[in-house]
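Just below is one structure, and these are the notes that go with it.
The values are calculated or read from the model by the stated rules, or taken from the named source; none is laboratory data. Predicted model, so just to flag it, every value in this text is computed and none were measured. Virtual Cβ from ideal backbone geometry, glycine too; neighbours counted across all protein chains shown.
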Amino acid sequence: EKGGYEHFMIKEIYEQPRAIRETMSSRLAKDDSHIILDELKWTKQEMAAIKKIVVVACGTAYNAGLVGKYYLESLSRIPVEVDVASEFRYRSPLVDENTLAIVVSQSGETLDTLAALKEAKRLGAKTLAITNVVGSSISREADQVIYTWAGPEIAVASTKAYTTQLVLMSMLAIYIAGLRDTISAERSRELISGLRNLPAQLHEILEDVESIKTFAQKYGFNEDVFFIGRSLDYAVALEGALKLKEISYIHAEAYAAGELKHGTLALIIEGVPVIALATQHDVYEKTLSNIKEVKARDAIVIGIAQQGDEQIKKYVDHTIFIPQADKFLAPILAVLPLQLLAYYAAVTRGCDVDKPRNLAKSVTVE
Ligand code: F6R
């Protein structure tokens, strides 16, 4: 059932090009002009009335929500809050009938997420679920549902669910922006053709994993690893750190690169591995100066950058390149090396990759 792979996790990592293709299939207009989400029954007027979006989820799905916030805010210009489901309903959330509540859950069974969804509904919000499991509790409770078509995810550590959630979030943001007339035809077309390129680009990353494997073997016995990035790279850094902690039990922290100086830099000493994401062109120079800060403390820096970036090599110890992509879509590529790094670090340390200690695939208790 593992199809020749040693673990479900690595099988599922390799399934990502297909999972993403399936999630997009029939949802991209043939001429790339718009997104087709026939599941959604919103009218232009209803969407115009939305004043706020809240995204509620746990763990990796929460991390996908952070990327979603960026997409939704930039394209639709609606303010977006992202909340951890176990926090949401205990703080009298400011939610009303002009709020769209989006819950994200691979399993569709996470109890806290389900409870948050019920609370948002009780407060009058319009509700939308993004889930991977047809007929799950969350899919039945929400007003509307859009499915990631990732196929069953068995490994406890979520991989293909995350990338398909990102793909769906980007499509949803383009779709909502279309209804609100806040996206140009040109930008929409650019993003949709970028989405189309993703499966082949993911495949390209998966074809050459030797250097990632080598880093994982080399640094797999360090007890602390830091992930830094700005903007969307910061959101991806959070997912990279979660993945590493979860399966390899290495202590990892993700920091907004600009936040380092406000405390964390004290922990950066000689030999500490720092994974620095630098895929976002608009904050590239700023990220580079943060990379120089950690390098000056003799950290070992692994840069994740877009192909063609010759500059970064001067400042880091190793570079992993992702294929060139729109800054919006770069996270969907940049997370792959981080998933692989976590996987190979866990294998190197002899961890039970598919069933990390103390964790369950679906958390149906509070
Ligand atoms: C991390 C992981 C968990 C889940 C979280 C939410 O790899 O798998 O953090 O993302 O428990 O689960 P779902 O998405 O099923 O609600």
- Exactly one of ALA252, ALA241 is assigned to a strand (DSSP E or B), within 16 Å of the ligand (Cβ to nearest atom) and within 21 Å of LEU359 (Cβ to Cβ), and that one is ALA252
- Task: Check PHE215, PHE221 and return the single one that is assigned to a helix (DSSP H, G or I) and either more than 15 Å from the ligand (Cβ to nearest atom) or surrounded by fewer than 22 Cβ atoms within 10 Å (Cβ to Cβ) (or both).
- Result: PHE215
- Message: Anything in region 37-70 that is over 26 Å from THR159 (Cβ atoms) and β-branched (Val, Ile, Thr)? List them, or say none.
- Response: THR43, ILE50
- Message: Being over 24 Å from MET9 (Cα atoms), touching a Lys or Arg at 6+ places or on another chain (Cβ under 9 Å) and within 14 Å of the ligand (Cβ to nearest atom) is true for just one of ALA150, ALA116, ALA120, ALA85. Which residue is that?
- Response: ALA116
- Query: Of all strands (runs of 3 or more DSSP E) completely enclosed by region 271-366, which ones contain at least 1 residues that are in contact with a Gly (Cβ under 7 Å, 6 or more places away or on another chain) and not aliphatic (A, V, I, L, M)?
  - Reply: 318-322
- Query: Is there a residue in region 280-292 that is at pLDDT 95 or above, within 27 Å of PHE328 (Cβ to Cβ) and more than 25 Å from the chain's Cα centre (by Cα)?
  - Reply: yes
- Expected output for region 251-277 (first residue more than 14 Å from ASN222 (Cα to Cα), partner at pLDDT below 95 and outside any loop (DSSP other than H, G, I, E, B), Cβ below 7 Å, 6+ apart or cross-chain) is TYR255/THR264
- Only listed residue being touching a residue at least 40 places away in the same chain (Cβ under 8 Å), of a type in the set (Lys, Arg) and in contact with an Asp or Glu (Cβ under 7 Å, 6 or more places away or on another chain), chosen from LYS126, LYS51: LYS126
- Of (1) in contact (Cβ under 8 Å) with a residue 12 or more places away in the chain; (2) away from the ligand (no atom under 16 Å from the Cβ); (3) surrounded by fewer than 18 Cβ atoms within 10 Å (Cβ to Cβ), LEU100 satisfies every one except (3)
- Is it the case that some residue within region 317-337 is touching a residue at least 40 places away in the same chain (Cβ under 8 Å) and more than 25 Å from TYR14 (Cα to Cα)? no
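A quick yes/no check of all residues on (1) surrounded by fewer than 23 Cβ atoms within 10 Å (Cβ to Cβ); (2) farther than 27 Å from TYR70 by Cα; (3) out of contact with any helix residue (DSSP H, G or I) (no Cβ under 9 Å at 6 or more places or on another chain):
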{"residue": "ILE275", "(1), (2), (3)": "no, no, no"}
{"residue": "SER289", "(1), (2), (3)": "yes, no, no"}
{"residue": "ILE300", "(1), (2), (3)": "yes, yes, no"}
{"residue": "GLN339", "(1), (2), (3)": "no, no, no"}
{"residue": "VAL347", "(1), (2), (3)": "yes, yes, no"}
{"residue": "VAL365", "(1), (2), (3)": "yes, yes, no"}
- State whether one or more residues within region 139-150 are touching a helix residue (DSSP H, G or I) at 6+ places or on another chain (Cβ under 7 Å), of a type in the set (Ser, Thr, Tyr) and under 23 Å from LEU336 (Cβ atoms). yes
- Task: Please specify each residue of region 150-187 satisfying the condition of being surrounded by fewer than 22 Cβ atoms within 10 Å (Cβ to Cβ), part of a loop (DSSP other than H, G, I, E, B) and not hydrophobic (A, V, I, L, M, F, W, C).
- Result: GLY151, PRO152, ARG180, ASP181, THR182, SER184
